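Quick notes on the structure that follows.
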Amino acid sequence: QVQLVESGGGLVQAGGSLRLSCVVAGRTFSSYIMGWFRQAPGKEREFVGAISRVGGEVYYGDSVKGRLTISRDNVKNTVYLQMNSLEPEDTAVYYCAASMSFMMSPARRSPRDYDYWGQGTQVTVSS
């Protein structure tokens, strides 16, 4: 079974930066399209971004364009989310997700398109 573990969340001030990590325990990490989602209280899970298997294609959600970078290290089985210029509106639980489907694309934004999920890491941005 594929397991995902997020880390790197915490409390930061507005305008600060944060890097989240997601370590994947499973077979052939390079076969997974990796996505990042977030969910704030009272809101639906929102697409943050995703990266292709090799890492050459990256897509971002409209609400975070220009403020984050997704990357992956297929040797360490880890995907990263570097977030800059954080705002209080970014406060949420952040989840990483994985898909092995050949029909999958990092451009797809629905949580239902992903097969495996981590437990999430809390990000809180103070004003």
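Does at least one position in segment 34-42 carry a residue that is within 20 Å of Pro111 (Cα to Cα), at pLDDT below 95 and surrounded by 15 or more Cβ atoms within 10 Å (Cβ to Cβ)?
Checked against the condition, which is being within 20 Å of Pro111 (Cα to Cα), at pLDDT below 95 and surrounded by 15 or more Cβ atoms within 10 Å (Cβ to Cβ), segment 34-42 yields no hits at all.
Going residue by residue through segment 31-48, is there one that turns out to be more than 18 Å from Thr91 (Cβ to Cβ), in a strand (DSSP E or B), free of Cβ contacts under 8 Å to residues at least 60 places away in the same chain and in contact with a strand residue (DSSP E or B) (Cβ under 8 Å, 6 or more places away or on another chain)?
no
Go through segment 82-113 residue by residue and tally those that are over 12 Å from the mean Cα position of the chain (by Cα), crowded, with 17+ Cβ neighbours inside 10 Å and within 19 Å of Val2 (Cα to Cα).
So the answer is 3.
I'm checking my understanding of the structure. Among residues of segment 73-111 that are of a type in the set (Gly, Ala, Ser) and part of a strand (DSSP E or B), which one is farthest from Gly10 (Cα to Cα)?
Filtering segment 73-111 for residues that are of a type in the set (Gly, Ala, Ser) and part of a strand (DSSP E or B), the one farthest from Gly10 (Cα to Cα) comes out as Ser99.
Being surrounded by 18 or more Cβ atoms within 10 Å (Cβ to Cβ), among the β-branched types (Val, Ile, Thr) and at pLDDT 95 or above, is that true of even one residue in segment 52-68?
The answer is no, given that none of the residues of segment 52-68 is surrounded by 18 or more Cβ atoms within 10 Å (Cβ to Cβ), among the β-branched types (Val, Ile, Thr) and at pLDDT 95 or above.
Residues of segment 17-30 being open to solvent by less than 20 Å² (accessible area, probe 1.4 Å) and more than 12 Å from Tyr94 (Cα to Cα), which ones?
Correct list: Val24, Phe29.
If you check Val79 against the conditions, is it among the β-branched types (Val, Ile, Thr) and open to solvent by 40 Å² or more (accessible area, probe 1.4 Å)?
no
The values are calculated or read from the model by the stated rules, or taken from the named source; none is laboratory data. Predicted model only: the values in this text are computed from it and were never measured. With ideal geometry, Cβ positions are generated from the backbone for all residues, glycine too; neighbour counts draw on all protein chains shown. Just so you know, the surface numbers come from the protein's heavy atoms only, side chains and all, with ligands and any DNA or RNA stripped out. Shrake-Rupley method; radii C 1.70, N 1.55, O 1.52, S 1.80 Å.
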